[in-house]
Amino acid sequence: MQVHRKLIFVAGALLAVAAALALLGPALAPAKKGKSKLRSPGKLVVATQGYTLDKVDDRTRMTVSCPGGKEPFGGGFLTSPAPGDDGQGVYPNSYERLGQQRGYHITAALINPNQTQVVPRNLTLQVVCGKKIGKISDPHVIAQLDAGDGPKTLVAKCPKKQSLIGGGYQRSNGVTDAGVMTTESHRTSARTWQVVANDPGGFAGEAVSIGYCVRSKKPVVKELSRSVTVPSRATATATTPPCPGGKLIFSGFSAPPGGSIRFLGEGFNPNGSTSATGYNSGAPATLTAYSYCLRV
């Protein structure tokens, strides 16, 4: 009888333990690997670094760093004095985020298409900085251009399940009248960044389109744009509407692919807009500036 009661007690205890494990099962089961979530960058700030360019066609590498370990996003520059209608100004051969170095890189040349007296340009290099929002990938597309070649279109595409936060370009080697010159650099869909380049002659070179992508099935930036008609043999600036809520994160531009408008830089304004400037050596044509406003 005692043995029988002990068996009944043990069986009852085992059932109780089984029931408890069943209740705790979901909590004890290995956690499922969650999808990476896009985080807010917090308050975005613009860090700057000053340079002076005073030698025509002398390509100068320039960088600016984010403060306090912040993450870099887009960049640009403003010049003083601004380009005049003689076309003298600063042509950027690259617009490139530096992820590991936490900054932004532009290599630029002071160009002088009408051979007027050289006016040194004070350049304010800019980078947008904030907290890390997630892993950023940077697909590249490269094209070789011979002297007199182009225009060529390069489209960098984000991997599957990723969306653009912005883009840029690098490796063009343009000076006043020769080398590879970029005439477009902007978003064309939620996952694609397009660069157009041509080489009017003089010497060969390369062009590279770069996309900057984060994990998201939905678009993560809103595009704002504004265009301006640039008269013949004159300079004009296109300025976008401001991004709402201080969320300006990247910029872009587009001009005729044949190169009649020479891009003279794009920079961030205090009100959250961007301004792109170009000199037009041909018939009146359109220059467009783009701002990319982060949605998160």
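The values are calculated or read from the model by the stated rules, or taken from the named source; none is laboratory data. Nothing here was measured: the structure is a model prediction, and the numbers come from that model. FYI the Cβ positions are ideal-geometry reconstructions off the backbone, even for glycines, and counts take in every protein chain you see.
A few remarks follow.
- Those strands (runs of 3 or more DSSP E) of region 120-161 that lie entirely within it include none in which at least 3 residues are in contact with an Asp or Glu (Cβ under 6 Å, 6 or more places away or on another chain) and among the hydroxyl-bearing types (Ser, Thr, Tyr).
- Filtered by the rule that a residue be among the small types (Gly, Ala, Ser) and touching a Ser or Thr at 6+ places or on another chain (Cβ under 9 Å), region 191-210 gives ALA197, GLY205, ALA207, SER209.
- Looking only at region 248-263, and only at residues there that are under 17 Å from GLY74 (Cα atoms) and of a type outside the set (Gly, Ala, Ser), the one that is surrounded by the most Cβ atoms within 10 Å (Cβ to Cβ): PHE250
- Matching entry among GLY278, GLY245 (being assigned by TED's automatic domain parsing to the domain that holds GLN126, over 18 Å from the mean Cα position of the chain (by Cα), over 22 Å from LYS157 (Cα atoms) and buried (at least 19 other Cβ atoms within 10 Å of the Cβ)): GLY278
- Residue count for region 114-133, restricted to those that are crowded, with 18+ Cβ neighbours inside 10 Å and within 18 Å of the chain's Cα centre (by Cα): 7
Per-residue answers, yes or no, for (1) part of a loop (DSSP other than H, G, I, E, B); (2) in contact with an Asp or Glu (Cβ under 8 Å, 6 or more places away or on another chain); (3) among the charged types (D, E, K, R):
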| position | (1), (2), (3) |
| --- | --- |
| HIS186 | no, no, no |
| THR229 | no, no, no |
| PRO257 | yes, yes, no |
| ARG262 | no, no, yes |
| THR277 | no, yes, no |
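- The set of residues in region 204-218 that are touching a Lys or Arg at 6+ places or on another chain (Cβ under 7 Å) and part of a loop (DSSP other than H, G, I, E, B) contains only LYS217.
- Residue that is nearest to VAL155 (Cα to Cα), among those in region 174-220 that are in contact with a Cys (Cβ under 8 Å, 6 or more places away or on another chain) and surrounded by 23 or more Cβ atoms within 10 Å (Cβ to Cβ): GLY211
- Residues satisfying the stated conditions in region 94-119, i.e. under 17 Å from GLN170 (Cβ atoms) and assigned to a strand (DSSP E or B): TYR95, GLU96, ARG97, LEU98, GLY103, TYR104, HIS105, ILE106, THR107, ALA108, ALA109
- Among the residues of region 88-101, those that are modelled with pLDDT of 95 or more and either touching a Phe, Trp or Tyr at 6+ places or on another chain (Cβ under 8 Å) or over 18 Å from ALA207 (Cα atoms) (or both) comprise GLN88, GLY89, VAL90, TYR91, PRO92, SER94, TYR95, GLU96, ARG97, LEU98.
- Across region 281-296, the qualifying residues are those that are part of a strand (DSSP E or B) and more than 21 Å from the chain's Cα centre (by Cα), and the one among them that is surrounded by the most Cβ atoms within 10 Å (Cβ to Cβ) is ALA285.
- Filter result for GLY272 (in contact with a helix residue (DSSP H, G or I) (Cβ under 9 Å, 6 or more places away or on another chain) and either outside the structural domain of PRO83 (by TED's automatic domain parsing) or over 19 Å from ILE111 (Cβ atoms) (or both)): yes
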